[in-house]
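Worksheet: the structure to be examined is printed underneath.
The values are calculated or read from the model by the stated rules, or taken from the named source; none is laboratory data. A quick note: this is a predicted structure, and the numbers were derived from the prediction, not measured. Backbone-built Cβ (ideal geometry, glycine too); neighbour counts: all protein chains shown.
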Amino acid sequence: MKVLVIYAHPNPESFNASLHREVCDGLEKAGHELRDLDLYSENFEPRLSRGEREAYMDGGKLDGVEQHIEALQWAEALIFIYPTWWMGPPAILKGWLERVWLPGVVADFGAEGVKPKLTNIRKAMVITTQGSSWWRMTLIGNPPRKMFKLSLRACTRCRDIQWHALYSMDKIGNAERKRFLKRIRKVVLQF
């Protein structure tokens, strides 16, 4: 399968970086074709310019994001890896979604509703770490999970959307992190 990995963490020595390496190694080991977007290392510009916003509903300005759009259209599966900060993805990932997931690129929006255009995407996985506990995120409706699941369902025909979150990241020890890494290794090999 052709898998696009979208990774967003600024520290190459972070636990998220370990997850990223594990995912990429596992995908290659399983024989998948891989494209890896490391948004921080490529210094992706997350800010939507005035011109981009003004052209947004008309398919947007594609300057600087053409290769990202091409990668989305190439992929059969998506894997997002990021930390949850302030109840959502880092600004660089949110900006990537705003600048790349454009009307006319990912979906058509009209009187009949949303018509997905990323029908090539059959599977998706979100891997995130969160400082908050599972119960706290559940209590507030788990905003990042809701955002990704609803958006992926609207813009793709994908119904196989996996959510893997390591909650209470700031309070747990190495044993829990190792267990989560092992779980991710297993699910990626079965992806």
Contacts under 7 angstrom Cβ, first residue in the range 132-156 being of a type in the set (S, T, N, Q), partner surrounded by fewer than 15 Cβ atoms within 10 Å (Cβ to Cβ), 6 or more apart | Thr156/Thr119
In the range 123-144, how many residues are in contact with a strand residue (DSSP E or B) (Cβ under 7 Å, 6 or more places away or on another chain) and modelled with pLDDT under 90?
-> 3
Does Lys146 qualify as being outside any loop (DSSP other than H, G, I, E, B) and surrounded by fewer than 14 Cβ atoms within 10 Å (Cβ to Cβ)?
-> yes
Answer yes or no: is there a residue in the range 58-70 that is touching a helix residue (DSSP H, G or I) at 6+ places or on another chain (Cβ under 9 Å), surrounded by fewer than 16 Cβ atoms within 10 Å (Cβ to Cβ), basic (Lys, Arg) and at pLDDT below 95.
-> no
Selection within the range 89-117 - of a type outside the set (Lys, Arg) and surrounded by fewer than 16 Cβ atoms within 10 Å (Cβ to Cβ) | Ala91, Gly104, Asp108, Phe109, Gly110, Ala111, Glu112, Gly113, Val114
Write out, first by first residue and then by second, each pair whose Cβ atoms fall under 9 Å of each other, whose residues are 6+ apart or on separate chains, and whose first residue, in the range 87-108, is assigned to a strand (DSSP E or B) while the second is hydroxyl-bearing (Ser, Thr, Tyr).
-> Pro103/Tyr56; Ala107/Thr156
Exactly one of Leu166, Leu189 is in contact with a helix residue (DSSP H, G or I) (Cβ under 9 Å, 6 or more places away or on another chain), buried (at least 16 other Cβ atoms within 10 Å of the Cβ) and either of a type outside the set (Asp, Glu) or free of Cβ contacts under 8 Å to residues at least 12 places away in the same chain (or both), and that residue is Leu166
Residue count for the range 43-83, restricted to those that are closer than 23 Å to Val5 by Cα and in a helix (DSSP H, G or I) | 9
Is the range 10-21 home to any residue that is over 24 Å from Arg179 (Cβ atoms) and at pLDDT 95 or above?
-> yes
Could you check Ile121 against (1) under 23 Å from Arg21 (Cα atoms); (2) surrounded by fewer than 14 Cβ atoms within 10 Å (Cβ to Cβ) and say which number it fails?
-> (2)
Just for the range 1-42: of the residues that are in contact (Cβ under 8 Å) with a residue 12 or more places away in the chain, assigned to a helix (DSSP H, G or I) and small (Gly, Ala, Ser), which one is surrounded by the fewest Cβ atoms within 10 Å (Cβ to Cβ)?
-> Ser18
Please tell me if Gly31 is among the small types (Gly, Ala, Ser), at pLDDT 85 or above and on the phi > 0 side of the Ramachandran plot.
-> yes
